[in-house]
Amino acid sequence: MKRRDFLAASGAIAISASSGIGCSPSLPDNRHIVATADSRAKYLAGLLQELCVDIGPRPYASPEYLRASEIVLREMKLFSPDAAFDPFTVDRWSSPEDQLLTINSNPVTAYVYQNSPGTPPDGLRGTVRAANDSKSEYDLIDNDTGKKTALFFIESSPHARPRYYSPGTAKRINNVPAAGIGSDDAERMAKAERDGAAVEWNARIKWDNDIATRNVVGTIPGESDEELVFLAHLDSQYTAPGANDNGATLILMLMWAHAFSGRRPKKTLVFIAPDVEEAGFVGAARYVEKRKAAGTFGKIKYVFNFDSFTWGPDLVLFSEQKVLLQTFESIKTDLNIGGKVIRNDRDGFWLDAEPFRDDNIQALSISSEGSYVFDKCWHQAEDKPEHINAEWVENNYRIFTRFMEKVMDL
Ligand SMILES: [Zn+2]
């Protein structure tokens, strides 16, 4: 932990205070916001407009992200009087200039991965060579030195999209810059290799150190101080307005919170909208560090991470907790709404839940699949409210409010 972060952590009284069950002011009751299917649809549409249209892409620690976090705080205050920002600093990556990839001077859309190194100021030139048998990756080879200087990954989607340049990716590809290219351009890349075509790529990036950002945290104190933690990230990729990833799911989480507002539930409910999910779960990790430093991490009994519930009607569950899985599946059967339930082999400490990994915590992470939406929208400019299926959101509202009640009885 850097000194500045330590000072931020020790000053973050709001987090430790709001996680206890001390003498809270009376709890505001805003159940009316989610009282009917109509009011829920209106709430969803209104917040999608504010977050994904009025603001749009909200990459971590950006001015757009900070504006979006104000909106989430405003909404959290409706159920949690001590809702607060959870501040921290992070080194911020951005791609401030136009990126350009050309084959024999003809442009091809490519997006440099988030947190990837960029190209030198005058770009990179060379020829491409398939990096593996499946032809899903191409190395850019400098013709003078014979060295690999960049990597282009052919996505499964027709259009280009960036991914996160993780430390694992960096290691695997020797820290060269990487970009995603759409599958519609796969044949052009194959032809460029066959022809030995001239390839040139310009994608300059910028790092700003120690930029202030924040998670948003709202708590509904329960009869018991045992905590259920809910996570739905607020940041988006720099290329995407993030309606599916993760706007609609974050709004769903706020709706569940409104449904439990106005009275003490059996257990304490902590709702977190973390920053920097899209670049290594940094916001969630900083939150966990602070809770550990404050000596309150042990109150957390369950962690639920919700990411992109609207890729399709089918929910994908990550968990090794039999009781949680059975509880969930029995609710699905009782209500008989929504699509299939698909179990993933991995445990529940997935994505933003990862930093919470602990033997005393039960974790469940959930995403979705089963429609055109993922390939059309993921990390792309098309991730707009018009590709949100409000019926799936409504189904998940009903399923998860029931689920939360059951989990509080466990
Ligand atoms: Zn996401």
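Observations
- Spread of Cα-to-Cα distances over 10 Å intervals beginning at zero, given as percent, for the range 277-410: 11, 38, 35, 15, 1
- For the range 199-290, GluC sites (Glu not before Pro) are listed when DSSP marks them as loop and at most 14 other Cβ atoms sit within 10 Å of their Cβ; the list is E223.
- Extreme residue, positive dipole direction of the chain, given options A61, F281, I220 (C-beta unit charges): I220
- Note on D358 and T109: their simple-model spin labels are 4.4 nm apart, each label 7 Å out from Cα toward Cβ.
- Cα pair count fraction exceeding 16 Å, expressed as % - the range 100-204: 51
- Each residue of the range 41-48 is assigned a 3J(HN,Hα), and the resulting list reads 5, 5, 4, 4, 5, x, 6, 4 Hz, derived from the Karplus form 6.51 cos²θ - 1.76 cosθ + 1.60 (θ = phi - 60°), x at Gly and Pro.
- About its Cα centre, the chain has a charge dipole of approximately 840 debye under the convention of +1 per Lys or Arg Cβ and -1 per Asp or Glu Cβ, with nothing else charged.
- Degrees, to the nearest 10: 322-335 long Cα axis against longest axis of the chain: 80
- In this structure, the residue pairs whose Cα-Cα separation is over 23 Å, taken from K322/K406; K171/K206; K301/K406; K267/K406; K267/K340, are K267/K340.
- The eigenvalues of the Cα gyration tensor, multiplied by 5 and square-rooted, give the chain an equivalent ellipsoid with semi-axes of 40, 23, 19 Å from largest to smallest.
- Spatially proximal aspartates and glutamates relative to K135 (Cα-Cα < 18 Å; intrachain offsets below 8 disregarded): E155, D184, D185, E187, E193, D195
- Amide hydrogen proximity for D383: with H placed 1.01 Å from N in the peptide plane, the residues at 5 or more positions away or on another chain lying under 5 Å are G242.
- Tilt relative to the chain, helix 390-409 - C-alpha long axis, 0 to 90 degrees, to 10: 50
- Residue-wise HN-Hα couplings along the range 345-356, as the Karplus relation 6.51 cos²θ - 1.76 cosθ + 1.60 with θ = phi - 60° gives them from phi, are 5, 6, 7, x, 7, 10, 6, 4, 7, 3, x, 8 Hz; Gly and Pro carry x.
- Cα-based helix-to-principal-axis angle, 186-195 vs the chain, degrees rounded to 10: 20
- Applying both filters, DSSP loop and at most 12 other Cβ atoms within 10 Å, to the chymotrypsin sites (Phe, Trp or Tyr not before Pro) of the range 329-410 gives Y372.
- Hz values of 3J(HN,Hα) by residue in the range 139-145 - Karplus curve (6.51, -1.76, 1.60), Gly and Pro given as x: 8, 8, 10, 6, 5, 7, 9
- Loop-located trypsin sites (Lys or Arg not before Pro) in the range 341-410 (DSSP state other than H, G, I, E, B) with a sparse environment of at most 14 neighbouring Cβ atoms within 10 Å: R346, R357.
Just so you know, all these numbers are worked out from the coordinates, no wet-lab data involved. Note that the structure is predicted; figures quoted are calculated from it, not measured. Please note: Cβ atoms are built from the backbone with ideal geometry, for glycine as well, and neighbour counts cover all protein chains shown.
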